[in-house]
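Peer 1: Just dropping this structure here.
Every read-out reported here was derived from the displayed coordinates using simple, explicitly stated rules and does not represent laboratory data. None of these values were measured; they are calculated from a predicted model. As a convention, Cβ positions derive from the backbone with ideal geometry for all residues, glycine included, and neighbour counts pool all protein chains shown.
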Amino acid sequence: MAINIADARHVADLARLDLTEQELATYTEQLNQILDYAQELEQVNTDKVEPTYHSVAAGTALREDKAVDFPNQAGILRNGPEVSGTSFVVPRIL
Amino acid sequence: MQHLTLKELRDKLQKGETTAVEAVQKVFAQIRKHEPVIKAYLQTFEQAALGQAQKADELLKKSGTEARPAPLLGVPLAVKDNLNLLNTETTCASKILRGYVSPYTATAVQKLIEAGAIIIGKTNLDEFAMGSSTENSAIQQTSNPWDTGRVPGGSSGGAAAAVAADECFGGLGSDTGGSIRQPAAFCGIVGLKPTYGLVSRYGLVAFASSLDQIGPLAKTVEDAAIILNVIAGYDAADSTSHARPPQDYTALLGQDIKGKKIALIKELLGDGIADTVRQAVETAADNLRTQGAVIETVSLPTFQHALAAYYLVATSEASANLARFDGVRFGYRQQSAKNVLELFKQSRAAGFGAEVKRRIMLGTYALSAGYYDAYYLKAQKIRTLIKQDYCRAFAQYDALISPTAPTAAFKFGEKVGSPLSMYLSDIATIPVNLAGLPGISVPCGLADGLPVGLQLVAAEFEEQKLLQIAAAVERGSKFARIRL
């Protein structure tokens, strides 16, 4: 399943990464090397194998659906690149 | 004094033979002397540390007559810079988080503080913990105290180098595929990755959530156990943490290992493992046999697929976790962006380094429409097979042995050009994360003058037994830490 530079450009778009042509070329080559290596997995029969999503069985953790205020709202807002009141400012959307 | 172990320092503090202020001063003298070359720390907090040390000394004086002091009272420790500490910068060694000031403290760090520890600084890492040499730090290059032309390992390379260079008495790292154990091996110290869920991950900047775990880097096995005693435990803020009765992880350290059944992993002693590393590990295994353990060899055939499965699972989860860095609420923002999509794409492109982008690309591809079953799902099924291999082994054995890494510390630049060869340096450590098991690296000897780490792995939540056997490895090897 080799990928070409157009595939890489599509993936970069999905990943929200504005990559240069040079980066796209490099990553296309390197991802192909890694995916080549990963092809060995195809030889393993996993038809009757369940996937492991939790390495240590814990069951589903449930809690009451209750909102709790974060104690340091000012500390969160301080990190905003651009803040107005309690809102983060972004370029115009509409 | 900076050369003391955590345990030795604690005993001296509690007996009144030294003070926390003196300990902090000695550690900072060591930092001033060696940091220009080692560069383990991204930031240090000398004034705050001295203030905390004075308070600790007052408490230590009182405790002489009253109750027993907190277990780490007055002990200077370091934490990896992907752990949040209130009102300090947490960068993950990434340009995208430069200037980010933590609005809260990670649970594991908070537990250290509550136990009386003094957090003296935050240590370097591969950007977002992605790497095996700390060369992927966007901020600085950390050197190995044993040979400053070589890497300290990674991704917790700063913490490992700081502990090895006696620039602190222990530290916390994070381990997703070997990031505590491999740098511990390269720097000749002890590194423990606990069972997934034993230590809360709340406040650890997430890399791959099903694999990440916080653990200690320490001068000795006993020091690692003392730190684990403090950081282990359930936390409602981490839904994957486990509620279990507390254990004293130091309890079995002095016990002999007569009759313990331990197996060398065949797949991790063959091709790709340096002869000198294999010899050091086999010598250490013989030593365990001399101490009364039964040593055999076991085959875990699915391990040959672990690396491929790991890089699909880890990068897939990373691509999702790192979606939050978009220049909106925190971190770097590209000011020239004309719309929101450009803001996301340009901020991320300018803020992330090459390895982080590579892994986001791989993970995004593995999760994208049409490839999910072939890559992510397939990798998660391989993970089940690896768990089953371990399960069969632990029905027979108390612990498994392998080298921690295929070679001793390599030179700067040696593997930078080839991502795959860098990934291969984690071949022995990643199966442990895929299965969620506890693993520890203990120094067991030298290869051409560089430390070799022996990795022990036990069944889930068997840290007591793991540490007991690790202490026996330590006693047998008589490894001498470097003294700078």
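Peer 1: If the viscosity is 1.567 mPa s and the temperature 4 °C, what Stokes-Einstein diffusion coefficient in µm²/s follows for chain B when Rh is the Kirkwood radius over Cα pairs? Write down the numbers at each step before the final one.
Peer 2: On the way: Rh = 22.2 Å.
The calculation lands on 58 µm²/s.
Peer 1: Let me ask another. Across peptide B:277-285, what mean number of C-beta atoms from other chains lies inside 10 Å of a residue's C-beta?
Peer 2: 0
Peer 1: Summing -39500 (n - 2.57) over the DSSP H runs of n ≥ 4 in the protein assembly as shown and dividing by its residue number, what mean residue ellipticity at 222 nm do you reach, to the nearest 500 deg cm²/dmol?
Peer 2: Values: 18 runs with 217 residues, N = 578.
Result for the protein assembly as shown: -11500 deg cm²/dmol, rounded to the nearest 500.
Peer 1: For peptide A:63-73, compute the average count of partner chain beta-carbon atoms within 10 Å of each residue's beta-carbon. All intermediate terms of the calculation are to be shown ahead of the outcome.
Peer 2: Numbers: counts 2, 0, 0, 0, 0, 0, 0, 2, 2, 5, 1.
Neighbouring Cβ atoms belonging to other protein chains average 1 per residue here.
Peer 1: Check B:Gln43: other-chain or 5+ apart residues with amide H under 5 Å from its amide H, H built from backbone geometry?
Peer 2: B:Lys122
Peer 1: How would you rank B:124-131, B:31-38, B:426-433, highest first, on the average number of other Cβ atoms within 10 Å across their residues?
Peer 2: Values: B:124-131: 30.0, B:31-38: 16.9, B:426-433: 28.4.
In decreasing order of mean packing, B:124-131, B:31-38, B:426-433 become B:124-131, B:426-433, B:31-38.
Peer 1: Taking Cα atoms, how many degrees apart are the long axis of helix A:21-38 and the longest axis of chain A, rounded to 10 and kept between 0 and 90?
Peer 2: 60
Peer 1: Counting only DSSP beta bridges with both residues in the protein assembly as shown, tell me the antiparallel percent, nearest 5. Kindly include the intermediate steps, with their values, before the conclusion.
Peer 2: Values: 32 of 47 bridges.
Here the share of antiparallel DSSP bridges comes out near 70 percent.
Peer 1: Now for a different question. Taking every DSSP beta bridge that has both residues in chain B, what percent is antiparallel when rounded to the nearest 5?
Peer 2: Around 65 percent of the beta bridges assigned by DSSP in chain B are antiparallel ones.
Peer 1: Which aspartates and glutamates does B:Lys15 reach when only Cα atoms under 12 Å apart count, and residues fewer than 8 places away in its own chain are ignored?
Peer 2: By straight Cα distance, B:Lys15 reaches B:Asp57.
Peer 1: Which order do the peptides B:390-403, B:326-339, B:173-186, A:57-70 come out in when sorted by mean C-beta neighbours inside 10 angstrom, highest first?
Peer 2: Values: B:390-403: 20.2, B:326-339: 17.6, B:173-186: 33.3, A:57-70: 7.2.
The peptides rank, most packed first, as B:173-186, B:390-403, B:326-339, A:57-70.
Peer 1: Can you tell me the alpha carbon radius of gyration of chain A divided by the globular rule-of-thumb value 2.2 N^0.38 Å? Please list the in-between numbers first.
Peer 2: Numbers: Rg = 22.1 Å, N = 94, 2.2 N^0.38 = 12.4 Å.
My calculation over the Cα atoms of chain A gives 1.79.
Peer 1: A follow-up question, please. Skipping prolines and chain starts, which residues have an amide H placed within reach, meaning under 5 Å, of the one on B:Asp398, given they are 5 or more residues away or on another chain?
Peer 2: Amide H neighbours of B:Asp398, under 5 Å, 5+ apart: B:Lys261, B:Ile262.
Peer 1: Average partner chain C-beta neighbours within 10 Å, per residue of B:320-329? All intermediate terms of the calculation are to be shown ahead of the outcome.
Peer 2: Working: counts 0, 0, 2, 2, 0, 1, 2, 5, 6, 8.
If you average over the peptide's residues, the count of other-chain Cβ atoms is 3.
Peer 1: Follow-up question, since we're still on this one. Place a label point 7 angstrom from the Cα of B:Ala395 along the Cα-to-Cβ direction, then list the residues of region B:250-285 whose backbone nitrogen is under 18 Å away.
Peer 2: Label zone hits: B:261-263.
Peer 1: Sticking with this one: Once you put a point 7 Å from the Cα of B:Val101 and another 7 Å from the Cα of B:Arg324, both along the Cβ direction, what distance in nm separates them?
Peer 2: So the two model labels end up 2.0 nm from each other.
Peer 1: Quick one: length gained pulling A:Ser84 to A:Asp13 fully straight, 0.36 nm per residue minus the C-alpha distance?
Peer 2: Numbers: separation 71, 0.36 × 71 = 25.56 nm, distance 2.94 nm.
Length gained, A:Ser84 through A:Asp13: 22.6 nm.
Peer 1: List the lysines whose Cα lies under 22 Å from the Cα of B:Lys345, skipping any in the same chain that are fewer than 8 positions away.
Peer 2: Hits, sequence-local ones excluded: B:Lys95, B:Lys357.
Peer 1: Is the shape of region B:214-317 rounded, prolate or oblate, going by the alpha carbon gyration tensor and its root eigenvalues a ≥ b ≥ c, with a/c under 1.5 for rounded and a/b larger than b/c for prolate? Don't skip to the answer; put the middle values down first.
Peer 2: On the way: a/c = 2.16, a/b = 1.15, b/c = 1.88.
Judged from the Cα gyration tensor, region B:214-317 comes out oblate (a/c at least 1.5, b/c at or above a/b).
Peer 1: Reachable aspartates and glutamates from B:Lys411, Cα under 20 Å, same-chain residues fewer than 8 places away excluded?
Peer 2: Those aspartates and glutamates meeting the cut-off are B:Glu35, B:Asp126, B:Glu127, B:Glu135, B:Asp147, B:Asp275, B:Glu355, B:Asp426, B:Asp448.
Peer 1: Going through the cross-link list B:Lys7/B:Lys387; B:Lys193/B:Lys266; B:Lys62/B:Lys122; B:Lys33/B:Lys55, which pairs have a Cα-Cα distance over 24 Å in this structure? Please report the intermediate quantities before stating the final value.
Peer 2: Working: B:Lys7/B:Lys387 35 Å; B:Lys193/B:Lys266 22 Å; B:Lys62/B:Lys122 30 Å; B:Lys33/B:Lys55 26 Å.
With Cα atoms farther than 24 Å apart: B:Lys7/B:Lys387; B:Lys62/B:Lys122; B:Lys33/B:Lys55.
Peer 1: Could you calculate the contour length gain from B:Ala48 to B:Glu342, that is, 0.36 nm times the residue separation minus the distance between their Cα atoms, to one decimal place in nm?
Peer 2: Details: separation 294, 0.36 × 294 = 105.84 nm, distance 4.10 nm.
Going from the current span to full extension adds 101.7 nm.
Peer 1: Based on the mean of other Cβ atoms within 10 Å per residue, sort peptides A:31-44, B:355-368 so the most packed one is first.
Peer 2: Numbers: A:31-44: 15.6, B:355-368: 24.3.
Final packing ranking: B:355-368, A:31-44.
Peer 1: Moving on. Across region B:19-26, in residue order, what do the Karplus-derived ³J(HN,Hα) couplings come to in whole Hz, using 6.51 cos²θ - 1.76 cosθ + 1.60 with θ = phi - 60° and x for Gly and Pro?
Peer 2: Going residue by residue, I get 10, 5, 4, 5, 4, 5, 4, 5 Hz, with x marking Gly and Pro.
Peer 1: Further, regarding this structure: Can I get the semi-axes of the protein assembly as shown's equivalent ellipsoid? Compute them from the C-alpha gyration tensor as square roots of 5 times the eigenvalues, in angstrom, largest first.
Peer 2: Working through the eigenvalues yields semi-axes of 35, 31, 22 Å.
Peer 1: Sticking with this structure for a sec: What residues qualify as long-range amide H neighbours of B:Ser133, i.e. H under 5 Å apart, gap of 5 or more or another chain, H built at 1.01 Å from N?
Peer 2: Hits under the 5 Å cutoff: B:Gly154.
Peer 1: Continuing with the same structure: Helix A:5-14: angle to the longest alpha-carbon principal axis of chain A, degrees 0 to 90, nearest 10?
Peer 2: 30
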